[in-house]
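*Asks:* Encoded as structure tokens, here's the structure I'll be asking about.
The values are calculated or read from the model by the stated rules, or taken from the named source; none is laboratory data. All of these numbers come straight from a predicted model, not from anything done at the bench. Positions of Cβ are generated from backbone atoms using ideal geometry, with glycine treated the same way; all protein chains shown enter the neighbour counts. Accessible surface is based on the protein model in full, side chains and every heavy atom, while ligands, DNA and RNA are left aside. Shrake-Rupley method; radii C 1.70, N 1.55, O 1.52, S 1.80 Å.
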Amino acid sequence: MLTFAFQMPETDSPLWQGGVSLFENLIGALKLTHAHDSACWLAARQDAPAPAPALTAQTKGVIRYPNFTPRSRAWAIEYGKRVLLKSAMTADRILRAQQVDVLFCNAPLRRTSLPSMALVPDLQHLRLPDFFSQADCAARHAMFLRTIERATRIIVISQAVRADVEQLAPTARDKIRVLPPEPVIPPEIYTTDPRYVLEKYHLPKKFFYLPNQLWRHKNHQLVLAALAQCKKQARNINVVCTGAIGDYRHAELASEILETVARLGLHAQFILLGKIPRADVFALHRQSICVLNPSLFEGYGMSIAEARAIGKRVLASDLAAHRELDAPVAAYVDPHDADALANALIEIWETSAPGPALELEQAARLAQAERVRAVGHALYQAAAEIA
């Protein structure tokens, strides 16, 4: 039996929203392939927020350990035991008491005596430094270098991210393992008519689906510029957007988006729903004519991976991570070219019907099951190497 502890973040940060999906998919793949010879716990400090229900439902529970305030007496004792006496830290002792073999966490990785797998989801600050403050860039750089140094294995979600990690830390090349968090799609979504979302959210029958958080690098402004071009050509094309509204780095972005919508007269064409239930996300995938992701940067591209898994055509920015996913019905555009995006939107709009494409869905379900099993086996093997 190989026992994992998946480390939860210390704060309920919006940055962790993507992390929930990553962990959920990796744990789901592990359960699918190694349900009888593996076990999964969540690990968290005593004062950390409660883990997402989607994660607790897939694990044995949450292992809590004490929080030591920096520079406090308890912290000093803990530090002295580790440095002077070479004793395992309290958190590690508590985890070992539950027979935990491997600690799996998102960066940053705390100091630990357990074999560790640290997830580096992307190094966006290397590719888009202007989207961060100098302090943020320096902090992210230091955090990832520290994590890469400490981890027994470095987990990346695509070959594109692997290339960036090797650029940042060439000596860590042998520690890197590529484990794409292949979406585990609930089979029950195929037994429900997705048209229910039209009435629930008062949506038009025909639309593109853009399931990206409202962050600047997700490039919603390009979509608005393209929709304005379409409108000039008498094509009123609809785009439905979901995801968290608000970029911690650019607090003014949501206001800018709404101002642009008003100025261009796109209230009816650009529909912002915000965060919605997961089941409705899958229904919007199926009911749309195409899934859209115009992002300026992706370490993986979860929305495109989900579209591929469900059997929906995609229109994506021409990024290495998007190309790597190799969706069977896909078109790619320059994420800086509004005219090219407008032309692609019009072409797909005029040649596509809303609702599920049953042949694509059937083929996608078979292919996705194989991808998920491959990830589950790879995750188990990577952990077995170090346990």
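*Asks:* Of all residues in segment 242-275, how many are within 23 Å of ALA342 (Cα to Cα), in a loop (DSSP other than H, G, I, E, B) and touching a strand residue (DSSP E or B) at 6+ places or on another chain (Cβ under 7 Å)?
*Replies:* The number of residues fulfilling the criteria is 3.
Condition check ((1) under 30 Å from ALA151 (Cα atoms); (2) of a type in the set (S, T, N, Q); (3) modelled with pLDDT of 95 or more; (4) within 24 Å of the chain's Cα centre (by Cα)) across all residues:
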position: ARG313; (1), (2), (3), (4): no, no, yes, yes
position: SER317; (1), (2), (3), (4): no, yes, yes, yes
position: VAL329; (1), (2), (3), (4): no, no, no, yes
position: ALA340; (1), (2), (3), (4): no, no, yes, no
position: ILE348; (1), (2), (3), (4): no, no, yes, no
position: LEU360; (1), (2), (3), (4): no, no, no, yes
position: GLN368; (1), (2), (3), (4): yes, yes, yes, yes
position: ARG371; (1), (2), (3), (4): yes, no, yes, yes
position: ILE386; (1), (2), (3), (4): yes, no, yes, no
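*Asks:* Let me ask something else. Considering only residues that are free of Cβ contacts under 8 Å to residues at least 40 places away in the same chain, within 22 Å of SER113 (Cα to Cα) and of a type in the set (D, E, K, R), which ones fall in segment 143-181?
*Replies:* Selection gives ARG146, GLU149, ARG173, ASP174, LYS175.
*Asks:* Looking at LEU319, is it among the aliphatic types (A, V, I, L, M) and within 17 Å of LEU210 (Cβ to Cβ)?
*Replies:* yes
*Asks:* In segment 338-349, what residues are without any contact (Cβ under 8 Å) to a residue 40 or more places away in the chain and open to solvent by 40 Å² or more (accessible area, probe 1.4 Å)?
*Replies:* Selection gives ASN343, GLU347.
*Asks:* A follow-up question, please. I'd like to know if segment 156-171 contains one or more residues that are modelled with pLDDT of 90 or more, closer than 23 Å to ALA29 by Cα, touching a strand residue (DSSP E or B) at 6+ places or on another chain (Cβ under 9 Å) and assigned to a loop (DSSP other than H, G, I, E, B).
*Replies:* yes
*Asks:* Follow-up question, since we're still on this one. Could you please let me know if ARG308 is assigned to a helix (DSSP H, G or I), under 30 Å from VAL375 (Cα atoms) and open to solvent by less than 30 Å² (accessible area, probe 1.4 Å)?
*Replies:* Spelling it out, ARG308 is indeed assigned to a helix (DSSP H, G or I), under 30 Å from VAL375 (Cα atoms) and open to solvent by less than 30 Å² (accessible area, probe 1.4 Å).
*Asks:* Could you look through segment 172-189, keep only residues that are within 21 Å of HIS125 (Cα to Cα) and part of a helix (DSSP H, G or I), and pick out the one that is most open to solvent (accessible area, probe 1.4 Å)?
*Replies:* Looking at residues that are within 21 Å of HIS125 (Cα to Cα) and part of a helix (DSSP H, G or I), I get ARG173.
*Asks:* Please enumerate the residues belonging to segment 144-175 that are closer than 20 Å to GLY301 by Cα and aliphatic (A, V, I, L, M).
*Replies:* Answer for segment 144-175, where residues must be closer than 20 Å to GLY301 by Cα and aliphatic (A, V, I, L, M): ILE154, ILE155, VAL156, ILE157, ALA160, VAL161, ALA163, VAL165.
*Asks:* OK, next. Regarding PHE282, is this residue hydrophobic (A, V, I, L, M, F, W, C), in a loop (DSSP other than H, G, I, E, B) and either under 17 Å from the mean Cα position of the chain (by Cα) or closer than 25 Å to PHE132 by Cα (or both)?
*Replies:* No.
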